[in-house]
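Asker: Handing you this structure, nothing more for now.
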Amino acid sequence: QVQLVESGGGLVSAGDSLRLSCVASGRTFSSFAMGWFRQAPGKEREFVAAITWGGQTSYYTDSVKGRFTISRDNAKNTVWLQMNSLKSEDTAVYYCAADSRRVGVDPIMDYWGKGTLVTVSS
């Protein structure tokens, strides 16, 4: 088992930046590939970014490439999502997720946090 707790969400204006954090506890953090997903009101949960176990490789959905950066520190049991140049369409609940077997780019992950709300006003 692993527990994931997100933080860092809030209300910002378009063009602003936010950094989301996800702290893991339980099993060894480095045994999980990590991902960020989001769910906007009335929409399905979608992939945002993912990072491999050691942090060497990251993946992004097209709409956030060049604006968002995922990173991790296995010594701190933490994964971050740096979000720059935020747009109103980035408004959503952002979820941290972990999977021990694969780098997930779809919302089928082993473990999920409860999410943190990001609201971007235009």
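The values are calculated or read from the model by the stated rules, or taken from the named source; none is laboratory data. Please read all numbers here as calculations on a predicted model, not as lab measurements. So basically every Cβ, Gly included, is an ideal-geometry build from the backbone, and we count neighbours across all protein chains shown. Surface accessibility is based on the protein's heavy atoms, side chains included, excluding ligands, DNA and RNA. Shrake-Rupley method; radii C 1.70, N 1.55, O 1.52, S 1.80 Å.
Asker: Out of all the residues in segment 93-108, which are modelled with pLDDT of 90 or more, under 21 Å from PRO41 (Cα atoms) and of a type outside the set (Gly, Ala, Ser)?
Answerer: VAL93, TYR94, TYR95, CYS96, ILE108
Asker: Same structure again: I'm checking my understanding of the structure. Among residues of segment 8-32 that are farther than 20 Å from SER88 by Cα and in a loop (DSSP other than H, G, I, E, B), which one is modelled with the lowest pLDDT?
Answerer: ARG27
Asker: So which residues in segment 19-44 are within 12 Å of the chain's Cα centre (by Cα) and either aromatic (Phe, Trp, Tyr) or buried (at least 18 other Cβ atoms within 10 Å of the Cβ) (or both), if there are any at all?
Answerer: LEU20, CYS22, ALA33, MET34, GLY35, TRP36, PHE37, ARG38
Asker: Quick one: GLN56 ticks every box in (1) in a loop (DSSP other than H, G, I, E, B); (2) open to solvent by less than 60 Å² (accessible area, probe 1.4 Å) except a single one, so which number is it?
Answerer: (2)
Asker: So ASP106 ticks every box in (1) under 21 Å from GLN1 (Cα atoms); (2) assigned to a strand (DSSP E or B) but one. Which box is left unticked?
Answerer: Result: ASP106 fails condition (2) only.
Yes/no per residue for (1) in contact (Cβ under 8 Å) with a residue 60 or more places away in the chain; (2) part of a loop (DSSP other than H, G, I, E, B); (3) out of contact with any Cys (no Cβ under 7 Å at 6 or more places or on another chain); (4) under 22 Å from GLN3 (Cα atoms):
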site	(1), (2), (3), (4)
LYS43	no, yes, yes, no
ARG72	no, no, yes, yes
TRP80	yes, no, yes, yes
LEU86	yes, yes, yes, no
